[in-house]
Amino acid sequence: MKVQDPTGQTWRVTRRWVPWRRRLKGVMANMPSGPGLGDDPVSAVIGLIFLVILLPFLVLAVVAALELLLLLLVVPFALLARVLLGRHWTVEARRGFTIWYDEPAGDWQSSALRIHSLADALRRGDIPTPNVTDLAD
């Protein structure tokens, strides 16, 4: 659920679907892009230098893609575990896209009620105290 506090800041209050938070969000947006190259030997050398410089970013993008693939593979099993084994949901409030606050909220219905109460509090300007240790996420 997306809400705005009285200062105009956008908040997103949702359930966390998997037990972990993604660490590599926004990798593709932060990748540098090199200039267009020609087809002469000097351009080939410049292109090789750019390839060496961009290699760590390419490896990071591959790791992010593998994490996304793992996420897509695990989500059905995580949902089954939550439904069949009664695993509790975690409700999180994100300021923009940065996780600011999270808490365990019980079953599906309890978490829905907590999402609505947290969203109403944010609309009123009652900002929860941040309890996520790595706010750089």
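The values are calculated or read from the model by the stated rules, or taken from the named source; none is laboratory data. Keep in mind the model is a prediction, meaning the values are calculated, not measured. When we count neighbours, we look across all protein chains shown, and the Cβ atoms used for this are built from the backbone with ideal geometry, even at glycine.
Worth a mention:
- Given (1) loosely packed, with under 13 Cβ neighbours inside 10 Å; (2) assigned to a helix (DSSP H, G or I); (3) touching a strand residue (DSSP E or B) at 6+ places or on another chain (Cβ under 9 Å), number of the condition ILE53 does not satisfy: (3)
- Number of positions in the stretch 82-137 that are within 26 Å of GLY8 (Cβ to Cβ), under 21 Å from the mean Cα position of the chain (by Cα) and basic (Lys, Arg): 3
- The stretch 99-137: number of residues that are assigned to a strand (DSSP E or B) and modelled with pLDDT under 85: 1
- Within the set ARG22, ARG15, the sole residue that is assigned to a loop (DSSP other than H, G, I, E, B), closer than 27 Å to LEU113 by Cα, at pLDDT below 90 and under 19 Å from the mean Cα position of the chain (by Cα) turns out to be ARG22.
- Here LEU69 clears all of (1) more than 23 Å from VAL132 (Cα to Cα); (2) out of contact with any Lys or Arg (no Cβ under 7 Å at 6 or more places or on another chain); (3) at pLDDT below 85 except the condition numbered (3).
- Counting only residues that are more than 28 Å from PRO6 (Cα to Cα), out of contact with any strand residue (DSSP E or B) (no Cβ under 6 Å at 6 or more places or on another chain) and surrounded by fewer than 17 Cβ atoms within 10 Å (Cβ to Cβ), the stretch 79-129 holds 11 of them.
- Remark: pairs (first residue in the stretch 37-48, surrounded by 13 or more Cβ atoms within 10 Å (Cβ to Cβ); second residue at pLDDT 75 or above; Cβ separation under 7 Å; 6+ apart in sequence or on different chains) = LEU37/SER43; LEU37/ILE46; LEU37/GLY47.
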